[in-house]
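Asker: Input: one structure, supplied below.
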Amino acid sequence: MGLLAERHRPLRRVEYERMIDAGLFRDERVELIRGVIVQMSPQNAPHSAAIQMLNRLLTPALVGRADVRIQLPLATGADSLPEPDLALVPPGYYAQAHPSEAYLVIEVADSSLEVDRHEKGHLYAEAGVPEYWVVNLRDRVIEVHTEPLKGEYTRVTPYRSGESARPHAYVDVTIDVSAVFGLG
């Protein structure tokens, strides 16, 4: 296996996009992470509810200032095209190419918690996303990752029930943590 691993060539994002355009993966939930096609975890009801609530809280507050993209591709590099649960991106019509810039990326995590904290966190930090939230369903906390440096977020601030989180790019927008977890 060692010799084969040395000959492994990651898939490039443009190749992956051509495969999608050709109709591959039509009935599959996959994303490209560091050159590897990865199956996405199925969503349970709490995961879906958190996404729905975040969308309900963010979209009206950001109309005309940012597009709230729900589980849509974000071009984070030459070998990655993740589909974050939510991404706040510059307003635009992305018919020619997926956005490559985001003000905030949010992943809702239960079984994927460690992957979202580490692998996805490094991916978004390397892509220059200034703020990354992990909505931790297990502990009912929103982990706000900021200050990316050398592929890592150097600050993580937890927000719990009874507290409010604010996207750094939009400090006038308040997200009630209790509401995200259906507690408020």
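The values are calculated or read from the model by the stated rules, or taken from the named source; none is laboratory data. All values reported here derive from a predicted model rather than from experimental measurement. Positions of Cβ are backbone-derived with ideal geometry, glycine not excepted, and every protein chain shown enters the neighbour counts.
Asker: If you check Val134 against the conditions, is it crowded, with 17+ Cβ neighbours inside 10 Å, in a loop (DSSP other than H, G, I, E, B) and in contact (Cβ under 8 Å) with a residue 12 or more places away in the chain?
Answerer: Considered against the rule, which asks whether it is crowded, with 17+ Cβ neighbours inside 10 Å, in a loop (DSSP other than H, G, I, E, B) and in contact (Cβ under 8 Å) with a residue 12 or more places away in the chain, Val134 comes out as no.
Asker: Only one residue in Leu72, Leu104, Leu149 is buried (at least 23 other Cβ atoms within 10 Å of the Cβ) and either among the aromatic types (Phe, Trp, Tyr) or modelled with pLDDT of 95 or more (or both). Which one?
Answerer: Leu104
Asker: Just to be sure, is Asp110 surrounded by fewer than 23 Cβ atoms within 10 Å (Cβ to Cβ), touching a residue at least 40 places away in the same chain (Cβ under 8 Å) and in contact with a His (Cβ under 9 Å, 6 or more places away or on another chain)?
Answerer: Answer is yes for this residue.
Asker: Let me ask something else about it. What number of residues in the range 152-177 are in contact (Cβ under 8 Å) with a residue 60 or more places away in the chain, surrounded by 15 or more Cβ atoms within 10 Å (Cβ to Cβ) and either of a type outside the set (Gly, Ala, Ser) or touching a Gly at 6+ places or on another chain (Cβ under 8 Å) (or both)?
Answerer: So the count comes out to 5.
For (1) touching a residue at least 12 places away in the same chain (Cβ under 8 Å); (2) assigned to a strand (DSSP E or B), each residue gets a yes or a no:
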residue: Val38; (1), (2): no, yes
residue: His47; (1), (2): yes, no
residue: Ala50; (1), (2): yes, no
residue: Leu58; (1), (2): yes, no
residue: Gly64; (1), (2): yes, no
residue: Val68; (1), (2): yes, yes
residue: Ala75; (1), (2): yes, no
residue: Pro91; (1), (2): yes, no
residue: Ala95; (1), (2): no, no
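Asker: Using the structure shown, decide if Glu83 is under 25 Å from Val115 (Cβ atoms), surrounded by 11 or more Cβ atoms within 10 Å (Cβ to Cβ), touching a Pro at 6+ places or on another chain (Cβ under 7 Å) and not aliphatic (A, V, I, L, M).
Answerer: Yes, satisfied.
Asker: If you go through the range 38-53 one residue at a time, how many are buried (at least 16 other Cβ atoms within 10 Å of the Cβ), modelled with pLDDT of 95 or more and more than 13 Å from Ala179 (Cα to Cα)?
Answerer: Total meeting the criteria: 1.
Asker: Just the residues that are out of contact with any Asp or Glu (no Cβ under 8 Å at 6 or more places or on another chain), among the β-branched types (Val, Ile, Thr) and surrounded by 14 or more Cβ atoms within 10 Å (Cβ to Cβ), please, taken from the range 12-35.
Answerer: Answer for the range 12-35, where residues must be out of contact with any Asp or Glu (no Cβ under 8 Å at 6 or more places or on another chain), among the β-branched types (Val, Ile, Thr) and surrounded by 14 or more Cβ atoms within 10 Å (Cβ to Cβ): Ile20, Val30.
Asker: For Val89, indicate whether it is within 22 Å of Thr174 (Cβ to Cβ), surrounded by 16 or more Cβ atoms within 10 Å (Cβ to Cβ) and modelled with pLDDT of 95 or more.
Answerer: When the stated conditions are applied, Val89 passes them.
Asker: Only one of these conditions is not met by Arg18: (1) within 17 Å of the chain's Cα centre (by Cα); (2) of a type in the set (Lys, Arg); (3) part of a helix (DSSP H, G or I). Which number is it?
Answerer: Only one criterion is unmet by Arg18, namely (1).
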